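Taking it in order: structure first as structure tokens, then the write-up.
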Amino acid sequence: MIKFIIREIFSSLISLFIFLLIMFYGINLLIPGDFLTPLRLMMSQAELDALRESLGVNDPLYQRYFRWILGVFNGEITTGGFRQRSGKDITSTFFPTIQILIPSFLLAFYISRIPSINTPIKKLHKNKIFSDTFATFLISLFPPIILFLIGSKFDNLYLYLVSFFNIEKTPISLLEISELKINIFLFLLLLGITIFISSLIDLFTNLKIFILKISFIVFIFIIFIFNSDTILFNEVALLSKNAFKTISILTIFFIGEYVLLTNVITQNIAREPHILTARALGYSNSKIFSKHIIRNSFGPFATRIGLGLPFTIASLVIVESTTNWNGMGSLLYQTILNQDSNAAMGLFLLLALLTIILRITISLIQMIIDPRVRAK
């Protein structure tokens, strides 16, 4: 496994450098103007030219590229004096993106299995017209349409909960809890509710609920009990509104593709000889799914999701901009509008790193679950 991790990291770093080169030249050649262009209404052309010269904006692209790479190695995401506050904004959006992306992955994965699990094994080889049609419908939904359908319901629900539990926003001057602590507890809350919903799905589909899930839910509950601070609870509860709204849209966005993918994979596995043997031995539908189909389906499913990660990450720009979630996607949208190419490059770098981390994580999970991968 160590050799596998080293190989994955090495190949990912090579891909990252190639991506950075293409990204740097693409952004600087395709985006009109630069981050100083909006200042043309407040400064004369001579002053703008002097400022560009002092910041190195007029240097050749290859010089700016190597200067930017050196700055990245020194820990600076946005370097060269280009909008200094953008660096802090960029790095602070990494964790919020993780907060909504991982629960969305998990929820979409578990929900997408329901049509296949509820279908008798002997009928899996047939086309599931209803679930495939419904999945195609979900894929065609644009995030603003989903927000229009569920936005008011979320707002009404939270208005009721805020009034019922008497939740009030704490003034910033009185807020003594660090932003990092609030974000960690928010992530634990989102992850705990996600795992709880996945456990209910397992219970609904007559699948075995893993002890690890129950242990994690209890662990999160204990953490919240021992840190039962009213201010912390209020801040986490208020932040969770946009978080759940974003997760819901992302989940619906993913479910359509995942349902179609799961249907095809389970249909193919249902034709294999070991499934026919299990049916002949009289195994129940749920046992065949949990012991044979689900475990064997994760490999091709993970491979497809890994290949589609760049498109999945790209969807964050649309979804986060729709819900005003303060993640990398919404900030990238704002930097493009502001023609801040340097901040955009920093965000693309973080998005590329996030893609690499998720791809390696998926590969490791696939290796742990599927013994055939470990044997290679």
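The values are calculated or read from the model by the stated rules, or taken from the named source; none is laboratory data. Bear in mind the structure is a predicted one, so any value in this text is a computation, not a measurement. Here Cβ is always computed from backbone atoms with ideal geometry, including for glycine, and neighbour counts include all displayed protein chains.
What the table below lists for this structure:
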quantity	calculated
Count of segment 196-210 residues which are modelled with pLDDT of 85 or more and either of a type in the set (F, W, Y) or assigned to a loop (DSSP other than H, G, I, E, B) (or both)	1
Residue in segment 29-37 that is at pLDDT 75 or above, out of contact with any Ser or Thr (no Cβ under 8 Å at 6 or more places or on another chain) and outside the structural domain of P310 (by TED's automatic domain parsing) present	no
Subset of segment 46-63 [in contact (Cβ under 8 Å) with a residue 24 or more places away in the chain and not in a helix (DSSP H, G or I)]	G56
Matching helices (runs of 4 or more DSSP H) fully within segment 221-290 where at least 1 residues are closer than 30 Å to K169 by Cβ, in the same structural domain as S116 (by TED's automatic domain parsing) and at pLDDT below 80	230-270
Filter result for I177 (under 27 Å from the mean Cα position of the chain (by Cα), in contact (Cβ under 8 Å) with a residue 40 or more places away in the chain and not in a helix (DSSP H, G or I))	yes
Out of T312, T361, T322, sole residue that is part of a helix (DSSP H, G or I) and without any contact (Cβ under 8 Å) to a residue 24 or more places away in the chain	T361
Selection status of R304, charged (D, E, K, R) and farther than 22 Å from I252 by Cβ	no
Single unsatisfied condition, Q339 versus (1) in a helix (DSSP H, G or I); (2) modelled with pLDDT under 75	(1)
Residue in segment 328-337 that is buried (at least 17 other Cβ atoms within 10 Å of the Cβ) and of a type in the set (V, I, T) present	yes
Condition check for K245: within 29 Å of G192 (Cβ to Cβ) and more than 30 Å from the chain's Cα centre (by Cα)	no
Selection from segment 205-249 of residues that are among the acidic types (D, E) and surrounded by fewer than 17 Cβ atoms within 10 Å (Cβ to Cβ)	D229
Test set (1) of a type outside the set (G, A, S); (2) under 24 Å from T246 (Cα atoms); (3) at pLDDT 75 or above - Y65 fails condition number	(2)
I184 being without any contact (Cβ under 8 Å) to a residue 40 or more places away in the chain and among the aliphatic types (A, V, I, L, M)	yes
Qualifying residue in segment 209-224 (condition: among the polar types (S, T, N, Q) and within 29 Å of I150 (Cβ to Cβ))	no
